[in-house]
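Below you'll find the structure, written out as structure tokens, and then a few comments.
The values are calculated or read from the model by the stated rules, or taken from the named source; none is laboratory data. Just so you know, these numbers come straight off a predicted model, no measurement behind them. Neighbour counts are summed over all protein chains in view; Cβ atoms, including those assigned to glycine, are modelled from backbone coordinates with ideal geometry. With ligands, DNA and RNA removed, areas are computed over all heavy atoms of the protein, side chains included. Shrake-Rupley method; radii C 1.70, N 1.55, O 1.52, S 1.80 Å.
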Amino acid sequence: MLLELIQLIVNGLVMGAVIALPALGLTLIFSVLGFINFSIAAQMSIGAFAGWLVNTQLHWPLLPVLLVAFVVAGLIGVASDRVALAPMRKRPSSHMALMVAIVSIALNLALENALRFGFGSGLNSFEMPIARDVVIGEIRIGPQQMHNLGIALLVAVLLAAFFTVTRVGKAMRAVADNPDLARLKGIDPAKLSNLATFIGMGLAGIGGALLAIDTSVDPSTGARLLLIIFSASVVGGLTSLGGAVLGALLVGVAAEVSLLAIAPVYQSAVAFVAILAVLLIRPSGLFAGTAGVRK
Amino acid sequence: MFSFQRRNVLRAGAAASLAGLSPLAFSQGKEPIRIGILIPLTGATSQFGATMSLAAKAAAEEINAAGGVNGRKVEVVIEDDQSNPEAAVRAARKLIDIDKCVSIGGSYASAVTSAIAPLCWEGKVVLETSSGADSITRLPHQGYVFRTSPTTSLQGTRVGDFAVELGAKRMFFMGPQAPFAQSYIDTISAIVAKSGGTGSGLIYEDKKASYRSEVDQALRFKPDVIVFGGYVPDTAVVLKDLYRAGYDGRRIGLSFGVNQKLIEAVPAEVCEGTYSLVPSAAEGSSAYKRLVAKLKVPGLDSYSCQVYDHVVMTALALASAPNAAPNGTTVRDHLRNVTQSAQGKLVDSPADGLKALAAGTTVNYDGASGPLEFADNGDVKGVFFRYEQAQKGALVVTKVA
């Protein structure tokens, strides 16, 4: 029983690692721009396809593949944001955040279908060897999944450094804290919103590529995980980057450990319950406040 | 304004009556007969959608080249079910209410078929389906449902027999929540139990990025054969996680999960040795060979052949009753007469069938997917299976039975 529990926790950490990067991206964009950009799911698929293309056509290895996934998803993220979402944000309205979030759902569908148009609906595979699990004691650990976890933690640390050390990072936090005050101080929120979208969608792109290496590349690669990613961000507080990583790991572990009590077929209910519980008990999220709280 | 309208009405009336008199191939005044095709062009079950669409169009072309049905053109109206019951219901409503289709063919995923079947029998439209779930023909469909794909119990029986043939003592089934999942577990377990073994199973959620915990649960059962009941996206992940976990026992899947698309989606070592049971098209038949040649493809899956046959069966059923109203009920009442009439002239193409019917001969159409004989509940009888095995990144046929 104890061994089973430990194994489920390990599996949950693995699952959490896969969703941590997109959750970070979602959180970053919400912190700076103030709305939930649901097109992150399609950006994950875009990152997966970009990485898959350079991997299978040019035979590039993992790290450059992830770099390509980051840049391509980031650029398309910014371009689609400029075209579809930025004009919406310019219309002042009390429902602005909600409206933009809804338009981002439409954008998500448009991008996903563009991928389908270009690449078809079939599944594709990376040309990367698949490793057998390592068994420690009686616990199985996937080396590849541990890489994912390591990369997610590394990126979170790099981001934290970026936000505390660099001028631009500090400016972003200022915008996140109080956009009007930041503007008075001469910070241009529009420029920063591009950068935040680029980094956020780039992270989703890396997450998508890592996910696709584990599973497969198809236009719905990202969409399958959107609910659990959103849940991780909400649990993490939606504005805290560390919270996003912790939220992802927590939701991942909760979903796997829940298998002790519920049938596997109801597993995604755990993500719903997590959102509900956090909103009811601690609406600001479990880990809110470490990187600035948006009012 | 009024006079313009009246003039137009008069003009249209005159044209229509002229058309009625002129000896044209198609009656100009009459609308084409519309046959709905509801297929997965997108989503988890979309792997056969593109060829299904081509097959449906090919059938309509052949029928129209042979002069149509009772002097009317047929038109296939193709809708995407998105592998999603909710989208399928919207599409089926359009096919029934707006396009006034006489039948709906295609309908592939069992969840999709279960969702639209009541719309069809309530709307008195024939549903020709390629789905497997036993529950579908147990619905009170009043004869409006015809199934050209083998049922889950038949497929499950074949899988169970095959597992026993491979020497299985402990069978474990893994598949997503679908109308057929539990039915597979029960059928296969019963067959394995009869030969002295035991069976069990697990039904999982189909949109996960990892099935490590589910695989752990399966391996605790110490299975010597694992049966997959999923579609391609989830089966790909389950197979990878089984490989990572070091399972190297026997694996059997069904063609909607283990097929060429899956082979392309996972590294070769991950699915090496996995068996797949495929409802076989009638590959020796001339209908199959003609269709393959027409579509210029090396071979066709059973499901696309079934969609071709769906269109042809509807057309022949209506052609066999030229005096009845061309609607779903007529299709229902005459479909068996043109596919399983013992005295009927054996035909394998819509052109031959239409010609024979016009000459007053009864026909027995044997299609690209098989002989198309239906039991009272609408289930097709006498289908063949191909047994395939993944070997070095390709599917190799081991037997057809």
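Send over the Kirkwood Rh of the protein assembly as shown, from the inverse of the averaged 1/r over different Cα pairs, rounded to one decimal Å.
In the protein assembly as shown this quantity evaluates to 27.4 Å.
At 10 °C and 1.306 mPa s, what whole-number value in µm²/s does Stokes-Einstein give for the translational diffusion of the range B:23-105, with Rh from the Kirkwood sum over Cα pairs?
Once the numbers are plugged in, D ends up at 118 µm²/s.
I need the per residue convex hull volume for the range B:210-273, using only the alpha carbons, in cubic angstrom as a whole number.
74
Could you work out how far the C-alpha centroid of the range A:8-50 sits from that of the range B:227-294, in angstrom?
Taking the Cα centre of each part, the range A:8-50 and the range B:227-294 sit 31 Å apart.
Dividing the convex hull volume of the Cα atoms of the range B:338-401 by its residue count, what figure in Å³ per residue is obtained?
113
How long, wide and thick is the range B:255-359, going by the Cα atoms along their three principal axes, in whole angstroms, largest first?
60, 27, 24
Of the beta bridges DSSP finds with both residues in chain B, what % are antiparallel, to the nearest 5?
30
Let me check I have the definition right: for the range A:200-295, take the eigenvalues of the Cα gyration tensor, multiply each by 5, take square roots. What are those semi-axes in whole Å, largest first?
Over the Cα atoms of the range A:200-295, the ellipsoid semi-axes are 22, 20, 10 Å.
Given the range B:163-248, report the % of alpha carbon pairs whose separation exceeds 21 Å.
That tail contains 25 percent of the Cα-Cα pairs.
Can you pull a Stokes-Einstein diffusion coefficient for the range A:144-234 at 4 °C (1.567 mPa s), Rh from Kirkwood over Cα pairs, as a whole number of µm²/s?
This corresponds to a translational diffusion coefficient of 86 µm²/s.
Around B:G197, under 9 Å between beta carbons, what's the net of Lys plus Arg minus Asp minus Glu among the other residues?
So the surrounding residues net to +2.
Calculate what fraction, in whole %, of the accessible area of the range B:68-145 sits on carbon and sulfur atoms when a 1.4 Å probe is rolled over the protein chains.
Roughly 52 percent of what the probe reaches on the range B:68-145 is carbon or sulfur.
Kirkwood-based Rg over Rh for chain B (C-alpha set), two decimals?
With Rg and the Kirkwood Rh in hand, the quotient comes to 1.04.
Taking only the C-alpha atoms, wrap a convex hull around the range B:73-131 and report its volume per residue in Å³ as a whole number.
Per residue, the Cα convex hull of the range B:73-131 comes to 68 Å³.
Long-range amide H contacts for B:D81: which residues qualify at under 5 Å (H placed 1.01 Å from N, peptide plane, sequence gap of 5 or more or a different chain)?
B:I39, B:L41, B:T42
List the residues, sorted by chain then number, that are 5 or more residues from B:K73 or on another chain and whose placed amide H is less than 5 Å from its amide H.
Here B:S27, B:I33 satisfy the definition.
Would you please put B:90-100, A:237-247, B:39-49, A:37-47 in order of how densely packed they are, using the mean number of other Cβ atoms within 10 angstrom per residue and starting with the highest?
By packing density, highest mean first, the sequence is A:37-47, A:237-247, B:39-49, B:90-100.
Could you work out the mean count of beta carbons from other protein chains within 10 Å of each residue's beta carbon in A:119-132?
Across A:119-132, the average partner-chain Cβ count within 10 Å equals 5.
For the pairing of chain A with chain B, what total accessible surface becomes buried, with a 1.4 angstrom probe, in square angstrom to the nearest 100?
Result for this pair: about 3000 Å² buried.
Once Rh is set to the Kirkwood radius over Cα pairs, what Stokes-Einstein translational diffusion coefficient, in µm²/s, holds for the range B:84-216 at a temperature of 20 °C and a viscosity of 1.002 mPa s?
D = 131 µm²/s.
So what are the three principal axis dimensions of the range B:52-159 from its Cα atoms, in whole Å, longest to shortest?
43, 30, 27
Across bins of 10 angstrom width beginning at 0, how are the C-alpha pair distances of chain A distributed, in whole percent?
7, 29, 36, 22, 6, 1
Over the protein assembly as shown, what is the percentage of antiparallel beta bridges among all DSSP beta bridges, to the nearest 5?
35
Evaluate Rg over Rh across the range A:10-141, taking Cα atoms for both radii and Kirkwood's formula for Rh.
With Rh from the inverse mean 1/r over Cα pairs, Rg/Rh is 1.05.
Work the Kirkwood hydrodynamic radius out for the range B:168-305: mean of 1/r over every pair of different alpha-carbon atoms, inverted, in Å.
One over the average 1/r among Cα pairs gives 16.0 Å for the range B:168-305.
Below 8 Å, C-alpha to C-alpha, sequence gap of six or more: please give me the relative contact order for chain A in percent.
It rounds to 36 percent for chain A.
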